[in-house]
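The values are calculated or read from the model by the stated rules, or taken from the named source; none is laboratory data. None of these values were measured; they are calculated from a predicted model. Backbone-built Cβ (ideal geometry, glycine too); neighbour counts: all protein chains shown.
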Amino acid sequence: MKKLLSCAAVLLVFMFFALPVPIFAQEEGDVVTMEETVVTASRLEEPLKYSPDSVTIVTEEEIQKKGKQTVIDVLRDVPGISVVQYGSPGGSSSIYTRGTNNAHTLIMIDGVRVGDPMAGDGKMSIADLSTDNIERIEIVRGAQSVLYGSDAIGGVINIITKKGKGKPKFYVSSEGGSFETFREKIGVSGSNDKINYAASVSRLDVKRVSRADEDLGNTEKDYYHDTNISARVDGRISETVGMGFSVRHSESSMDYDDSGADADKVQDTDITSISTNFDQDIFDWWQQTIKLGITETKREYTKNNGVFNGTYNGTIKLASWQHNFFVGEIDTITAGFDYQEESGDVQDPWGDITNKSVNTKGFFVQNKLTPFNGLSFTLGARHDDHQTFGGEDTYKGALAYLYDKTGTKVRGSYGTGFRAPSLYQLYSSYGDVNLKPEESKGYDVGIDQELFDKKVLLSATYFHNEIDDLIGFNMSTYKYYNVGKVKTEGWETGFTFKPLGWLSFNAHYTYTEAKNEDETDANNGKDLIYRPKHTGGASLNIKPLEKLNVNLNAQCVGKRYRNADNSESMSAYTLFNFAASYDVMDWLKIFGRVENLTDKKYQSIYQYGEPGIGFYGGIKVTF
C-alpha cells in the first residue's frame, strides 16, 4: 500500500503543476479524441474509436517531446508493460505485458515479426533499436494469436517506420553529454506523386557506470557502441496497386558483465530486418496484401583478449497473403495464410547446435460486423500447423460500442493464444523436441470516456489471463520442460488532459497480480519474479513559447521479487526525466535533456547497476 501511495503522490504532484489554467478556459486547446487509426489490432487500418482492444499509440511527436532515444525507453511509459534490463543502455531487456513472460509479447517492425530463434525464449532484445525514423509504435494488449499466431499471448508491439512527406529534407544532428556520450544522426525524407521515402543513420558511443553494480566494488566504466540504419520506400504503381520496402539494421558492441562482478567478456550483436509488401485493390470490395520478411540475428561473445566464447546465429523468414472483403459499410472479412521458418546454429562451450530449423503454417479468418453506427462485433479463428507438435487452434471474440453523444466507449474481448517452444528450447543441449506449446485463455473489459468538450480522456481496463503448460527450466536435469501454470490479472487506468494548445498532461497506473498457479510446485501462489504489482507514470508537456517545448515525465516501478519463493525483493523506485527543445530558426534546433533528474540509486535487475543523473545537449540542422 505504501508503494501505491508513493506512485499516487507523484501523479498528484504532476497534476498540481499541470492545472494552472481552469478546465473551462475559453482558449482553444488540443482535443483528446479516439480519432486516430490503428493497424495492428485488426491487420488493416481502422479508427481507434471502434477498436475493442486495449491500444496505446506512441507517435513520433511524443517520442521527440520526451527525448526518448530507444524503443525500450518508450515502452517503459506504456500502461500494462513493465521492462527489466541488464543495465542500460544496451543490456538485454525483457518486456512483461500484463504480467506475462517476455516470450509472450510479439515484436514486429512494419507488421513483420522479428525475433532471435537462438535466444532461450526465442525473443530478440530490442534494447539496440533507436527511435530514429519511427513514425509510431502501436501496442495492442491482450491475446492476439488469432491474427498473429505464436507469441502474442500478452500482446503485440508494432514498430512502424516513417513515411516521408513533402519536399526533400535532410538533417544532421549531434549530441553529447554525461558518461562520455556522443550521438550523431543523419537523415533524409520526402515524397512526390508516386514515392514516399525516409532513411536515417545514427551512431551512439557511451562509457557508463559498470553494469555489475558499483556497490559490489566494480569501478570500471563499461563501454557501449551502437549503429542504427533505417530506410523505408513506398510507391504507387497505379491507382490500385502499391509496393513498399523497409530495412532496419543495428550493430552494437558492449562490455558484458556477469551478475555481481566485472567480467572480461564482450558482446557483439548484429540485427537486420528486411520486409517488402505488395497491396492491390482487386475490386472496390476486395483487397489483397502480400508481405515477405526476413530477420537475421547474430550474437558473438569473446573475451577481451580475443578468446572465442560463443556465436549464436538465427534467422526468421516469413510470408503472408491476406485478403480483405468489404461487404457494404457494415461488414469486413479478413482471411489469409502465414508461413514462418526459423533456423539457426550455435557454437559455444555448452554445446553446439548445427543447422536446425522448424516451420509453421497458419490459416486465419476474422469477421468484423458493424450493424449500426457505434457498434462493432469481431469474431475470429485460426489454425496453426507446427512442424514438431502439430496443430493448434485459437479463437477470439470482441465487442465495442461507442456512444458518440457522450463520448463513451465500452469494450471487451475474450480470446485464446499459444506460444510455440523456441528453436533453442527444442534443439539445444538443454532442449526437448517433445515440448508442448504454451496455451492461454483470457479476457478484458474496459471503458473510455471523453469529457469537457473532448479535453479529457479517461480509460480503465480489467484484464485476466491464464496460461498452461508454461515452459520452465528444471535445475535438476538442466532441461526445458512443460510444468508451469500461471494467472495474471489486474487493472490498467489512464488519464489525458489537454486544456490548451500549449499544455498537456497524461498519467497512467497499472495494478498487476502475476502468480504461480502450479499446485505441484512448492512456490504455488507466489508472485512471478520481476513483476511489480504497481507501475505508473506521468508526463507534463508545456509549450510556453511558439518555439520552445518543455517536458517533464516520471516513471514509478513498485516492489517486485527476484526469486521464485519471494524471499528476496527489489526496492521500488521513481525516476524523473526532463527534456526541452528550442527552434532557433526554421532550420536550426537546440535540445537538451536530463535523465534520472533526482540522481536516484536503483536496480532494474539484481546486482546490475544503472546510471545516475545525466545531462545531454545537442543541435539539429535541417535543410
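Odds and ends about this structure:
- From Thr334, Thr295, Thr302, residue being β-branched (Val, Ile, Thr) and within 21 Å of Gly115 (Cβ to Cβ): Thr295
- Criterion: surrounded by fewer than 16 Cβ atoms within 10 Å (Cβ to Cβ) and either touching a Ser or Thr at 6+ places or on another chain (Cβ under 8 Å) or touching a residue at least 24 places away in the same chain (Cβ under 8 Å) (or both) - qualifying residue of Leu402, Leu375, Leu379: Leu375
- Here the condition is being part of a loop (DSSP other than H, G, I, E, B) and touching a strand residue (DSSP E or B) at 6+ places or on another chain (Cβ under 7 Å); of Tyr602, Tyr616, it holds for Tyr602 alone.
- Of Ser200, Ser173, all but one fail to be within 29 Å of Thr105 (Cα to Cα) and in contact with a Gly (Cβ under 7 Å, 6 or more places away or on another chain); the exception is Ser200.
- Screening Asp448, Asp385 for residues that are farther than 28 Å from His323 by Cβ, modelled with pLDDT of 95 or more and either of a type in the set (D, E, K, R) or not in a strand (DSSP E or B) (or both) leaves exactly one candidate, Asp448.
- Residue check for Ala127: crowded, with 24+ Cβ neighbours inside 10 Å, in contact (Cβ under 8 Å) with a residue 40 or more places away in the chain, small (Gly, Ala, Ser) and over 27 Å from Tyr223 (Cα atoms): no
- Of the set (1) modelled with pLDDT of 95 or more; (2) of a type in the set (D, E, K, R); (3) out of contact with any His (no Cβ under 7 Å at 6 or more places or on another chain); (4) more than 14 Å from Tyr148 (Cβ to Cβ), all apply to Asp393 but (3).
- Only one entry of Asn465, Asn474 meets the criterion of being in contact (Cβ under 8 Å) with a residue 12 or more places away in the chain and not basic (Lys, Arg), and that entry is Asn465.
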